[in-house]
Amino acid sequence: MNNLRLPYQTLSPEAYTGFGFAKLALDKSSLGKPLVELVYLRVSQINACAYCLELHANALRKGGMPQVKLDSLAGWRVSHQFSERERAALAWTDSLVHVAETHAPDSEFAPLKKHFSDAEIADLTFAVSLMSAFNRLAIGMRQ
């Protein structure tokens, strides 16, 4: 990427710190860090955020996620690498990232109830939202 357009972290420190606190809370979520990072990586794939793709793929590798699973993420719907729980989370992720087209339908929300508590669904939705915001910062400011 090009040089950073604006040092958004220092220009809006309170907002950036708020994002950081949200990330810390999600890191402690009962969803588990591997699933949260997988969601972050999927959001970053859809949004084509090169900085975030590298960051989250590396975090998942360091956490022990098999490379074949990372390689299959873009095609998760047809891959055998993902559990039903992960598939439900990834379907919700895709739906929310593309919310202008999908409108987050009940058909994507209902499977979540089988695999996640209400608090976990909220955390999952926050994770998608947070990473979407981080992607827009990184892409928009040329991180």
>> Rounded to the nearest 20 debye, what is the charge dipole size of the range 1-85 about its Cα centre when +1 sits on each Lys and Arg Cβ and -1 on each Asp and Glu Cβ?
In response: 120
> What FRET efficiency do you get for GLU14 and THR125 if R0 is 22 Å and r is their Cβ-Cβ distance, rounded to the nearest 0.05?
Replying inline: 0.45
>> Placing unit charges on C-beta atoms (Lys and Arg positive, Asp and Glu negative, everything else neutral), compute the dipole magnitude of the range 80-136 about its Cα centre in debye, rounded to 20.
In response: 80
> Can you list, largest first and rounded to whole Å, the semi-axes you get for the chain by taking the square root of 5 times each eigenvalue of its Cα gyration tensor?
Replying inline: 25, 17, 15
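Can you tell me the FRET efficiency between LYS33 and ARG77 if r is taken as the Cβ-Cβ distance and R0 is 22 Å, rounded to the nearest 0.05?
So the FRET efficiency works out to roughly 0.40.
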> What's the angle, to the nearest 10 degrees (0 to 90), between helix 33-47's Cα axis and the longest principal axis of the chain?
Replying inline: 70
>> Can you compute the modelled spin-label distance between VAL99 and LYS23, with each label point 7 Å from Cα toward Cβ, in nm?
In response: 2.1
> Averaged per residue, what accessible surface does the chain expose to a 1.4 Å probe, in Å²?
Replying inline: 55
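Once fully extended, how much extra length lies between PHE109 and LEU4, figured as 0.36 nm per residue of separation less the alpha-carbon to alpha-carbon distance?
34.1 nm
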> PRE reach from TYR51 (point 7 Å along Cα→Cβ): which of the range 1-34 fall under 12 Å by backbone N?
Replying inline: 1-10
>> Compute for the range 1-43: radius of gyration divided by Kirkwood radius, i.e. Rg/Rh, restricted to C-alpha atoms, rounded to two decimals.
In response: 1.10
>> Charges at C-beta only: +1 for Lys and Arg, -1 for Asp and Glu. How large is the resulting dipole of the chain about its Cα centre, in Debye rounded to 20?
In response: 360
>> Per q in 0.25, 0.27, 0.29 Å⁻¹, report the Debye log10 I(q)/I(0) for the range 78-119, using one uniform scatterer on each alpha carbon and no solvent.
In response: -0.87, -0.95, -1.02
> What angle, in degrees between 0 and 90 and rounded to the nearest 10, separates the Cα long axis of helix 84-97 from the longest principal axis of the Cα atoms of the chain?
Replying inline: 40
> What percent do you get for the relative contact order of the range 9-78 when only Cα pairs under 8 Å and 6+ apart count?
Replying inline: 23
>> Pairs of alpha-carbon atoms within less than 8 angstrom and 6+ residues apart define the contacts here; what relative contact order does the chain have, in percent?
In response: 38
> Percent of accessible area on the chain owned by carbon and sulfur, 1.4 Å probe?
Replying inline: 59
>> In the chain, if the dipole is taken from +1 on Lys/Arg beta carbons and -1 on Asp/Glu beta carbons about the Cα centre, which of MET131, THR10, PRO111 is farthest to the positive end?
In response: THR10
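The values are calculated or read from the model by the stated rules, or taken from the named source; none is laboratory data. These numbers were taken from a predicted model, which means no experiment stands behind them. So basically every Cβ, Gly included, is an ideal-geometry build from the backbone, and we count neighbours across all protein chains shown. Side chains are part of the model used for accessible areas, which takes the heavy atoms of the whole protein and leaves out ligands, DNA and RNA. Shrake-Rupley method; radii C 1.70, N 1.55, O 1.52, S 1.80 Å.
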